[in-house]
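Have a look at the structure below, then the notes.
The values are calculated or read from the model by the stated rules, or taken from the named source; none is laboratory data. The shown structure was predicted, so the numbers you read here are calculated from the model rather than taken from an experiment. Cβ sites come from the backbone with ideal geometry, for glycine too, and all protein chains shown count toward neighbours. Ligands, DNA and RNA are excluded from the accessible area calculation, which covers all protein heavy atoms including side chains. Shrake-Rupley method; radii C 1.70, N 1.55, O 1.52, S 1.80 Å.
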Amino acid sequence: MVTIRAAVEGDRAAIWAVLEPVIRAGETYALPVDLSMDEGLAYWFGVGNAVFVAEAEGRVVGTYLLRANQRGGGGHVANCGYMTAGDFVGRGVARAMCAHSLQVARERGFRAMQFNFVVSTNERTVRLWKSCGFAVVGRLPGAFAHPALGFVDALVMFRTL
């Protein structure tokens, strides 16, 4: 059973334990693989970001951030980033975080959600987002430098709320 709640200051180390392996792998996020803990947490907890954690078996097993995708005239569209602990991938954590984020986004008055940069070779995630109602609305050819596969496409995915 996964429970999701707003992150608190005391969660920072546990959140970094989820973020770091994903960042270091360099396969799904357009972040420098040598990002320090302070830099990574500053990014995740950036101004305007609402951060949440998913807990299971007594520990943080996932985290997501929710923010406006753009300011001004685009401020009604939400954007999220999600990361799951490696030993919990495929166990419903990302799906639970997505469902939670869609509800929180609605409650905060967002009218849609957009993922700006979904790495196309991250097929499990693309399938998941599609099953959560997102559609691919754009393809950015060769936009992501994958460490093993070279330049691969990034997808823009969108859904209304």
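May I ask you to list the residues in segment 22-40 that are at negative phi and either surrounded by 18 or more Cβ atoms within 10 Å (Cβ to Cβ) or in contact with a strand residue (DSSP E or B) (Cβ under 9 Å, 6 or more places away or on another chain) (or both)?
The initial filter retains those residues of segment 22-40 that are at negative phi, namely 22-25, 27-40.
Correct list: V22, I23, E27, T28, Y29, A30, G40.
Anything in segment 16-41 that is closer than 17 Å to F151 by Cα, touching a residue at least 12 places away in the same chain (Cβ under 8 Å) and either touching a helix residue (DSSP H, G or I) at 6+ places or on another chain (Cβ under 7 Å) or not hydrophobic (A, V, I, L, M, F, W, C) (or both)? List them, or say none. Selection gives G26, E27, T28, Y29, L31, V33. Against the test of being at pLDDT 95 or above, touching a strand residue (DSSP E or B) at 6+ places or on another chain (Cβ under 7 Å) and not aromatic (F, W, Y), the options A99, A148, A135 yield a single qualifying residue, A135. G58 falls short on exactly one of the conditions (1) of a type outside the set (A, V, I, L, M, F, W, C); (2) open to solvent by 20 Å² or more (accessible area, probe 1.4 Å); (3) under 18 Å from V8 (Cα atoms); (4) modelled with pLDDT of 95 or more, and that condition is (4). Scan segment 3-21 and tell me whether some residue there is more than 20 Å from M113 (Cα to Cα), loosely packed, with under 11 Cβ neighbours inside 10 Å and either aromatic (F, W, Y) or modelled with pLDDT under 95 (or both). Among the residues of segment 3-21, at least one is more than 20 Å from M113 (Cα to Cα), loosely packed, with under 11 Cβ neighbours inside 10 Å and either aromatic (F, W, Y) or modelled with pLDDT under 95 (or both), which makes the answer yes.
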